[in-house]
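**Q** Submitted below is the structure of interest, expressed as structure tokens.
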Amino acid sequence: MNENDIPLSHLIRVDDIEETGSDVVLEPTEQERAAIAAFLKIPAVPGMKAQMHLERGGSRVTVTGRLTAEVRQMCVVSLDEFESPIDEPIEII
């Protein structure tokens, strides 16, 4: 997999991160969520939001925050679709 295969990316230059840190909120559009669902091979991603705080120390960046989403999956037994909430912390050092 290369970066062109990923359906959503958001580049931030290290120099653009404030000295006190920067807050970033990403909410993919309907088209971006459809691309994410196709990438994950699930029926849909009705909602998604990532709230992050970026801090830099020289050329290193620490990202903390939270990813919340609603994903639609398919039951492997009945083939019925169902929605599942996602609420996960983000911590990248």
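The values are calculated or read from the model by the stated rules, or taken from the named source; none is laboratory data. Predicted model only: the values in this text are computed from it and were never measured. Cβ placement follows ideal geometry from the backbone for every residue including glycine, while neighbour counts extend to all protein chains displayed. With ligands, DNA and RNA removed, areas are computed over all heavy atoms of the protein, side chains included. Shrake-Rupley method; radii C 1.70, N 1.55, O 1.52, S 1.80 Å.
**Q** For the condition of a type outside the set (K, R), out of contact with any strand residue (DSSP E or B) (no Cβ under 7 Å at 6 or more places or on another chain) and in contact (Cβ under 8 Å) with a residue 24 or more places away in the chain, what is the one hit in S59, S22?
**A** Unique residue meeting the criteria: S59.
**Q** M74 passes all but one of (1) open to solvent by less than 70 Å² (accessible area, probe 1.4 Å); (2) touching a Pro at 6+ places or on another chain (Cβ under 8 Å); which number fails?
**A** So M74 meets the others, but not (1).
**Q** Just name the residue that is modelled with the highest pLDDT out of those in the range 36-54 that are open to solvent by 40 Å² or more (accessible area, probe 1.4 Å) and over 19 Å from P85 (Cβ atoms).
**A** Across the range 36-54, the extreme among qualifying residues is H53.
**Q** Something else now. Looking at the range 49-65, is at least one residue acidic (D, E), in contact with a Leu (Cβ under 9 Å, 6 or more places away or on another chain) and part of a strand (DSSP E or B)?
**A** No: the range 49-65 contains no residue that is acidic (D, E), in contact with a Leu (Cβ under 9 Å, 6 or more places away or on another chain) and part of a strand (DSSP E or B).
**Q** Condition first: open to solvent by less than 70 Å² (accessible area, probe 1.4 Å) and not hydrophobic (A, V, I, L, M, F, W, C). Now tell me which residues in the range 1-26 satisfy that.
**A** P7, G21, S22
**Q** Residue check, T29 against (1) farther than 19 Å from P89 by Cβ; (2) surrounded by 11 or more Cβ atoms within 10 Å (Cβ to Cβ), all met but one. Which one?
**A** (2)
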